[in-house]
Amino acid sequence: MSYTVTPFEVASRLSPEPVKVRFVCLMPGISPRHSDSIDCYFRVNGRRVVVAISCATLAEIWTDEKKTFRDQQLVDIAAEFLKRTLRNGFDDIVMPGRVAEGNLVCQRTFGEDDGEGTQAELIVAGEEFRTLARELGYL
């Protein structure tokens, strides 16, 4: 199945150049990373970044509101989350060691910085996910 996310650029507080972002794929996090998440893979200036959507949050939304999300909706939410995160200055992906003060995103680096391994994992969960879903008209 293919999903539509037009490649985009984001102006960031920490980077003098626009950050280029391209969606790669969506997959369950359990098999590649043993994570209870739905992972949306992006390339940010050529480096792999994962936006991990918490399955616990999706289960809570189902329990509370009997609402499920299509894959395309999850990809849209992840892309919007990544845009906002980069705009707000989470540029450890682009400029290692520089993270805007007060950023609540969890970041991890995996493997060598060779362009093939994942450089960052951004987790979207709870109220933050719900807010994005509402703003995009999915909740």
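The values are calculated or read from the model by the stated rules, or taken from the named source; none is laboratory data. Keep in mind that this is a model prediction, so the values were computed, not measured. All Cβ positions, even for glycine, are placed from backbone atoms using ideal geometry, and neighbour counts span all protein chains on display.
Against the condition surrounded by fewer than 18 Cβ atoms within 10 Å (Cβ to Cβ), at pLDDT 65 or above and within 16 Å of the chain's Cα centre (by Cα), how does Glu80 come out, does it pass? Quick ask: steps written out before the conclusion?
Numbers: surrounded by fewer than 18 Cβ atoms within 10 Å (Cβ to Cβ): yes; at pLDDT 65 or above: yes; within 16 Å of the chain's Cα centre (by Cα): yes.
It is true that Glu80 is surrounded by fewer than 18 Cβ atoms within 10 Å (Cβ to Cβ), at pLDDT 65 or above and within 16 Å of the chain's Cα centre (by Cα).
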Could you list, ordered by first residue, the pairs with Cβ atoms under 8 Å in which the first is in the range 111-132 and farther than 17 Å from Ile38 by Cα and surrounded by fewer than 12 Cβ atoms within 10 Å (Cβ to Cβ) and the second is modelled with pLDDT of 55 or more and not β-branched (Val, Ile, Thr), at least 6 apart or interchain? Gly111/Gly117; Asp113/Arg47; Asp113/Gln119; Gly115/Gly46; Gly115/Arg47; Gly115/Arg48; Glu116/Arg48
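Among the residues of the range 86-109, are any aromatic (Phe, Trp, Tyr), more than 14 Å from Ser12 (Cβ to Cβ) and either exposed (fewer than 14 other Cβ atoms within 10 Å of the Cβ) or at pLDDT below 95 (or both)? Walk me through how you get there before you give the answer.
First, pick out the residues of the range 86-109 that are aromatic (Phe, Trp, Tyr): 90.
Checking which are more than 14 Å from Ser12 (Cβ to Cβ) leaves us with none.
Taking every residue of the range 86-109 in turn, none turns out to be aromatic (Phe, Trp, Tyr), more than 14 Å from Ser12 (Cβ to Cβ) and either exposed (fewer than 14 other Cβ atoms within 10 Å of the Cβ) or at pLDDT below 95 (or both).
Quick one: is Asp64 surrounded by fewer than 19 Cβ atoms within 10 Å (Cβ to Cβ), over 23 Å from Thr4 (Cβ atoms), at pLDDT 80 or above and of a type outside the set (Val, Ile, Thr)?
yes
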